[in-house]
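The structure under discussion appears below in the form of structure tokens.
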Amino acid sequence: MQMEKKYYQAYEDRYKDVYRQGVKYWSDLPWEIHEDLDGLDSFLDFAGARPGIHRVLEPGCGEGHLALALIQRGFDYLGIELAPSALEKAQLRLKEAGLMDHARFILHDATDLSFLPAASFDLAVDNKFLHMLVVDRDRQKYLSSLRRVLKPGAYVMFNELYLDGAYTGPVESFQQYLNIFKPDLTTIEERTAYNGGKEVKIRIPRVPARPKDHAGYAREMEENGFRIVHFQILKSYTGCRFFASVVRH
């Protein structure tokens, strides 16, 4: 029996569209890479992370640019990714850097981390994964699963979409998300990508995403066993970065 395709698997289709247009890495925008790496270093410093001691988990690792940075910095790293095309690129990125022997990736739906041992990671990095989940039960499943595999007091960095005054009510189904947010998922939009440092124009479909504001994220974190300890609205795009800790019991 074939499993129902999840709405967030649309991101695999997007990766394929980008690669068909001759782009090697979709996540290769210079400003975005720079911002992600700056945020990662700030997070590691905030968390007092120590290479060789602290284990890092990245759900929704995509093409692996943060995987490369963490492994280069000496961390024990595991990346989880649902999109096969993106994971192949992550493996290629590490291979090109001569670090594939140090990389660990698993092709799996990162909303379900039940296959990992409880309390087995010191840190986690969510780089634009949570906002891909637009239905409450998917977000709750993911956050609950993430909390289980983290040690008490562990820190997580979230880079997500931000919208001041965002909708705060329930979203119980993908259809309800469509009715409330009315996203345009049919328009093929022109975007800028970078191929070997050269700017190129591509056309890709839009994909589901759900923004929240500070209060919305804070409430969601508290409901799922986390506490926001740092929150920052990013200027370069409609996003935010926040650090959350696992609440001790």
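The values are calculated or read from the model by the stated rules, or taken from the named source; none is laboratory data. Keep in mind that this is a model prediction, so the values were computed, not measured. Note that each Cβ is placed from the backbone with ideal geometry, even for glycine, and that neighbours are counted across all protein chains shown.
Worth a mention:
- For segment 193-232, residues that are in a strand (DSSP E or B), touching a residue at least 40 places away in the same chain (Cβ under 8 Å) and either within 17 Å of Asp126 (Cβ to Cβ) or of a type in the set (Phe, Trp, Tyr) (or both) total 5.
- Boolean, Lys5 is loosely packed, with under 15 Cβ neighbours inside 10 Å and among the basic types (Lys, Arg): yes
- Val56 passes every criterion in (1) in a strand (DSSP E or B); (2) of a type outside the set (Phe, Trp, Tyr); (3) under 30 Å from Val200 (Cα atoms) apart from (3).
- Which numbered condition Ala119 fails, given (1) closer than 14 Å to Ala67 by Cβ; (2) surrounded by fewer than 16 Cβ atoms within 10 Å (Cβ to Cβ): (1)
Residue-wise test of (1) charged (D, E, K, R); (2) modelled with pLDDT under 95; (3) touching a strand residue (DSSP E or B) at 6+ places or on another chain (Cβ under 8 Å); (4) surrounded by 13 or more Cβ atoms within 10 Å (Cβ to Cβ).
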{"position": "Leu123", "(1), (2), (3), (4)": "no, no, yes, yes"}
{"position": "Val134", "(1), (2), (3), (4)": "no, no, no, yes"}
{"position": "Arg139", "(1), (2), (3), (4)": "yes, no, no, yes"}
{"position": "Gly197", "(1), (2), (3), (4)": "no, yes, no, no"}
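- Selection count where residues are modelled with pLDDT under 95, closer than 24 Å to Ala209 by Cβ and not acidic (Asp, Glu), scope segment 19-55: 7
- Contacts under 8 angstrom Cβ, first residue in segment 138-166 being polar (S, T, N, Q), partner part of a loop (DSSP other than H, G, I, E, B) and at pLDDT 95 or above, 6 or more apart: Gln140/Asn224; Ser144/Asn224; Ser144/Gly225; Ser145/Thr111; Ser145/Asp112; Ser145/Leu113; Ser145/Ser114; Asn159/Lys128
- Qualifying residue in segment 130-144 (condition: in contact with an Asp or Glu (Cβ under 9 Å, 6 or more places away or on another chain) and among the small types (Gly, Ala, Ser)): no
- Pick from segment 59-71, criterion hydrophobic (A, V, I, L, M, F, W, C) and in a helix (DSSP H, G or I), ranking: farthest from Leu37 (Cα to Cα): Ile71
- Filter pass, Tyr142 being assigned to a helix (DSSP H, G or I), over 29 Å from Pro51 (Cβ atoms) and of a type in the set (Ser, Thr, Tyr): no
- Selected residue (criterion: surrounded by the most Cβ atoms within 10 Å (Cβ to Cβ)) from residues of segment 213-238 that are over 24 Å from Leu150 (Cα atoms) and at pLDDT 95 or above: Asp213
- Residue in segment 85-92 that is closer than 24 Å to Ala49 by Cβ, surrounded by 13 or more Cβ atoms within 10 Å (Cβ to Cβ) and touching a Gly at 6+ places or on another chain (Cβ under 7 Å) present: yes
- Hits in segment 87-122 (condition: in a loop (DSSP other than H, G, I, E, B) and of a type in the set (S, T, N, Q)): Thr111, Ser114, Ser120
- Looking only at residues of segment 161-176 that are in contact with a strand residue (DSSP E or B) (Cβ under 6 Å, 6 or more places away or on another chain) and outside any loop (DSSP other than H, G, I, E, B), we find that the one that is nearest to Gly52 (Cα to Cα) is Leu161.
- Given (1) part of a strand (DSSP E or B); (2) in contact (Cβ under 8 Å) with a residue 60 or more places away in the chain; (3) surrounded by fewer than 18 Cβ atoms within 10 Å (Cβ to Cβ), index of the condition Glu189 fails: (2)
- Some residue of segment 23-34 being more than 24 Å from Arg241 (Cα to Cα) and surrounded by fewer than 17 Cβ atoms within 10 Å (Cβ to Cβ): yes
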